[in-house]
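The values are calculated or read from the model by the stated rules, or taken from the named source; none is laboratory data. In this text the structure is predicted, and so the values were computed from the model without any measurement. Heads up, the Cβs are rebuilt from the backbone with ideal geometry, glycines too, and the neighbour counts pull from every protein chain shown. For the accessible areas, the whole protein counts, side chains as well, though only heavy atoms, and no ligand, DNA or RNA atoms are used. Shrake-Rupley method; radii C 1.70, N 1.55, O 1.52, S 1.80 Å.
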Amino acid sequence: MLSDSEASFVIQGSDMLQSTAFSQTSDGITINLKEYVKENDGTDPVDVVITGNLTPTDNIKGTYVRGVETGSVLFIYDPIYERGDRTPFFYTQNTYWKLSKTLVDASTYSAAFGVNDSFKVTGLEAEGMDFTFDDDGEVISVDFPAVAADSNGCNYDGNLDIVDTHYFIYNITLVVTNCALAGAYEGLATLEEEYTIEGHPHTYYEFMTFCVSDGTRTINNRLTLDYFGV
């Protein structure tokens with residue numbers, strides 16, 4: 001459950017919901033949300049209502065109604081995205097990310113993205129980074145591969161920006177062109193599954209997950225780190 005706006009917030013995960021109304025009484029809270037159309041999913045979106053109890057803890061517990069579906073919800077605060085005293089390499093380094101996944105029609109989708117040191121996000125060829133070696137086999141330069149569409153023919157151009165320096169959560173905007181998903185999308189991105197490299201002063205992450213929407217549809221991807229600058 002994330003927000004960079006006082007007007008509404010987003011529940012983001014395998015699905016993406018945008019709040020349309022929020023009411024609070026002495027007994028609890030009621031949140032009305034709209035569900036976005038999922039990427040490559042032919043199902044119609046459904047409105048969702050969450051009713052929760054206010055408790056003096058770090059969670060919201062309650063029930064939800066989603067069309068004819070009902071159930072229980074439990075939102076627990078997770079400090080996993082808190083920066084603390086760690087120094088993330090991502091603030092200064094060029095990075096190259098890839099993904100491959102199976103879609104609802106059983107086809108395989110693949111894409112690659114580069115993020116430069118100005119936080120510009122670009123869709124690139126998926127073959128990998130371009131290395132130049134000297135006569136001794138040592139790397140003397142590294143370049144991003146050429147700008148290219150993903151396997152569905154979509155081109156991407158966008159940016160990341162820091163929401164709050166205390167957290168590993170970022171605003172992301174993507175302009176998608178030349179395919180059925182064409183449009184201007186925005187949402188949030190997170191860095192996940194921290195790891196360290198001996199002798200390196202920075203914190204590294206295996207994955208970057210983003211979920212963006214054009215107001216109706218969503219694109220929800222989990223990118224795997226393939227290269228980070230040195």
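Do the conditions hold for E186, that is, is it under 14 Å from the mean Cα position of the chain (by Cα), closer than 22 Å to R217 by Cβ, free of Cβ contacts under 8 Å to residues at least 40 places away in the same chain and open to solvent by 20 Å² or more (accessible area, probe 1.4 Å)? Yes; evaluated as a whole, the condition is true for this residue. Against the test of being surrounded by 17 or more Cβ atoms within 10 Å (Cβ to Cβ) and either outside any strand (DSSP E or B) or more than 20 Å from the chain's Cα centre (by Cα) (or both), the options D136, D150 yield a single qualifying residue, D150.
The numbered conditions (1) open to solvent by 90 Å² or more (accessible area, probe 1.4 Å); (2) under 30 Å from I162 (Cβ atoms); (3) in contact (Cβ under 8 Å) with a residue 24 or more places away in the chain; (4) touching a Lys or Arg at 6+ places or on another chain (Cβ under 9 Å) are all true for S110 except (1). Within segment 17-34, residues that are closer than 19 Å to G187 by Cβ reach partners that are small (G, A, S) and open to solvent by 40 Å² or more (accessible area, probe 1.4 Å) with beta carbons closer than 8 Å, at six or more positions or on different chains, in the pairs I31/A21.
Every test in (1) out of contact with any Gly (no Cβ under 7 Å at 6 or more places or on another chain); (2) at pLDDT below 85; (3) of a type in the set (A, V, I, L, M, F, W, C) is passed by L33 save one, and that test is (2). The sole residue among V176, V142 that is on the phi < 0 side of the Ramachandran plot, open to solvent by 40 Å² or more (accessible area, probe 1.4 Å) and touching a residue at least 40 places away in the same chain (Cβ under 8 Å) is V142.
Residues in segment 157-182 that are under 20 Å from G229 (Cβ atoms) and assigned to a strand (DSSP E or B): G158, N159, L160, D161, I162, Y170, I172.
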